[in-house]
Amino acid sequence: MDETAYFRGIPKAELHLHLDGSVRPRTVFEVAKQTGVPLPVQDAASLTDFLEATDRTASLVEYITFFELPIAIMQTVPALERVTYELCEDLAKDNVRYAEIRYGPWLHVQHGLSLTDVIRAVLSGWGRGKRDFGLEGGIIVTALRDMPPAQNMALAQVAGRFVDEGVIGFDLAGDEAGHPPILHEDAFRIARSLGLNITIHAGEAAGAESVRQAISMGAVRLGHGVRAQEDQEVIAMIKESSVQLDMAPTSNAQTKAVRRLEEHPLRRFYQQGIKVTISTDSRTVSQTTLANEYEKSARLIGCSVDEIWAMNLQALDGGFADQVTRARLRHEFASAEAALRRSS
Ligand SMILES: [Zn+2]
């Protein structure tokens, strides 16, 4: 079987995807020119040095710096709509049929937009993109670890008003060191009470303890969870509570949650019976696609094609959007995959 063609060809589901980490470099350049955002270089080609992490990226803190420029241009309604719509197009090209896109609305209020304006703009781009490119899924609103807890509580309240309009989850992200999830417990209580599904970034830059806290706060899915491997008790807790880990191999190596891709625990966790899924995290910052992440998971982490297909279906099963849609997609995925296997 031609694995590259197979991973490109199968319909896919992606759960862990940052909007601001997935903006096309050309769009950053064009919107910056239109709106007067200062650029570090004056040609679009050299801009990628400021938007893309590499193997030499030292940590999560350095990885996060590659989001600064995209965030600077995502401060108007047209820009937010545009980047969301374009991401939908990029997902469709990667044969992603189910996607959950996340972003932190507080990062987009620097030029006077309200949280409501920001959420509406992204939902508008998502609505158009979803229709034009045949996607299903929804939007996850991300709270930020280094924000005062009261601001994340306010964000949860606003996000909760959009539960029927495509906002399906509430997340916590940002620099883990010194910002334990438990500080934001109240925001997550509000989000849950308003019907938002909970996912939290944990076990990426901080150790297993952050995973323990995230689960205690009602997270049914964790962003990454790589460092859960440091504590067998936490591994047992993940299994027992049936929490799913949405991992992103390239990004996990770039943030140094793992030293090398070859050491990534994805396959080990899968074999231990933990629910794991594969995502890109950030298509531009990590210069990747989901097909590429699947291929790396096979070639460098040692997953079999069948294991990767099972993780893909797990992403669909563990998605936050409505169950009927996910059940329909499961059928479509199965017949498309069977057809692809027959032809290869
Ligand atoms: Zn993430």
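The values are calculated or read from the model by the stated rules, or taken from the named source; none is laboratory data. What you are looking at is a predicted structure, and each value in this text was computed from that prediction instead of being measured. Here the Cβ is made from the backbone with ideal geometry for all residues, glycine too, and neighbour counts use every protein chain on show.
Listing for the model above:
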{"item": "Exclusive hit being farther than 26 Å from E86 by Cα and among the hydrophobic types (A, V, I, L, M, F, W, C), set A336, A327, A321, A248", "result": "A327"}
{"item": "Residue count, region 29-74 (criterion: basic (K, R) and at pLDDT 90 or above)", "result": "1"}
{"item": "In region 1-26, the residues that are within 16 Å of the ligand (Cβ to nearest atom) and either of a type in the set (D, E, K, R) or assigned to a loop (DSSP other than H, G, I, E, B) (or both)", "result": "E14, L19, D20, G21, S22, V23"}
{"item": "Residue in region 230-244 that is polar (S, T, N, Q) and at positive phi present", "result": "yes"}
{"item": "Qualifying residue in region 243-251 (condition: more than 22 Å from A143 (Cβ to Cβ) and at pLDDT 95 or above)", "result": "yes"}
{"item": "Where W126 falls short, out of the listed (1) of a type in the set (A, V, I, L, M, F, W, C); (2) under 18 Å from the mean Cα position of the chain (by Cα); (3) part of a loop (DSSP other than H, G, I, E, B)", "result": "(3)"}
{"item": "Count of region 271-288 residues which are within 16 Å of the ligand (Cβ to nearest atom), of a type in the set (S, T, N, Q) and not in a loop (DSSP other than H, G, I, E, B)", "result": "1"}
{"item": "Any chance E176 is under 25 Å from D55 (Cα atoms) and more than 16 Å from the ligand (Cβ to nearest atom)", "result": "no"}
{"item": "Qualifying residue in region 229-236 (condition: at pLDDT below 95 and in contact with a strand residue (DSSP E or B) (Cβ under 8 Å, 6 or more places away or on another chain))", "result": "no"}
{"item": "Exclusive hit being outside any loop (DSSP other than H, G, I, E, B), of a type in the set (G, A, S) and in contact with a Lys or Arg (Cβ under 7 Å, 6 or more places away or on another chain), set A298, A310, A338, A291", "result": "A291"}
{"item": "Boolean, A72 is closer than 29 Å to Y6 by Cβ, without any contact (Cβ under 8 Å) to a residue 60 or more places away in the chain and not in a loop (DSSP other than H, G, I, E, B)", "result": "no"}
{"item": "Unique match (being free of Cβ contacts under 8 Å to residues at least 60 places away in the same chain, touching a Pro at 6+ places or on another chain (Cβ under 8 Å) and either at positive phi or within 16 Å of the ligand (Cβ to nearest atom) (or both)) among A187, A214", "result": "A214"}
{"item": "For F29: the one exception among (1) part of a helix (DSSP H, G or I); (2) within 23 Å of G169 (Cβ to Cβ); (3) of a type in the set (F, W, Y)", "result": "(2)"}
